[in-house]
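All remarks here apply to the structure that follows.
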Amino acid sequence: MRRVFADTLSWFALFVPTDEWHERAGSFDLADVALVTTEEVLSEFLPDRKVEVVIQSHQSFLAGLALYERRPDKQYSLVDCISMNVMRQRNIREILTHDRHFSQEGFARLLDRRA
């Protein structure tokens, strides 16, 4: 698979329909492309979209791993466990997902099919 780095301009071009590069970016076939980016690039793009990027640290990784190891029966992913810890630390109770694992931990799924 071909790897292509996506900088801040890339994300705007791909996801903002009014961006001057949107049409050109949409003309590329990304089917066999793995996009690579950095937290720093996301921190430039996402705040303009009212999104806060929580930077991963070794401590957040270890805390997520600890939760992952305490829940072997749940089939959680490590990323889910890290996200759950961030949500708890910031007192966030709702998540924009339909992933049932978050309900199992007491979070409200905003994309719950039963709602």
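Observations
- Selection of helices (runs of 4 or more DSSP H) fully inside the stretch 1-81 by the criterion of at least 1 residues being outside the structural domain of His101 (by TED's automatic domain parsing) and farther than 30 Å from Gln104 by Cβ returns 8-15, 22-26, 39-45.
- Evaluating Trp21 against the criteria (1) surrounded by 13 or more Cβ atoms within 10 Å (Cβ to Cβ); (2) among the aromatic types (Phe, Trp, Tyr); (3) under 19 Å from the mean Cα position of the chain (by Cα) leaves one unmet condition, (3).
- Positions within the stretch 53-82 being acidic (Asp, Glu) and exposed (fewer than 10 other Cβ atoms within 10 Å of the Cβ), in sequence order: Asp73
- So Val36, is it surrounded by 14 or more Cβ atoms within 10 Å (Cβ to Cβ) and at pLDDT below 95: no
The values are calculated or read from the model by the stated rules, or taken from the named source; none is laboratory data. Nothing here was measured: the structure is a model prediction, and the numbers come from that model. No Cβ is skipped: glycine too gets one built from the backbone with ideal geometry, and neighbour counts run over all protein chains shown.
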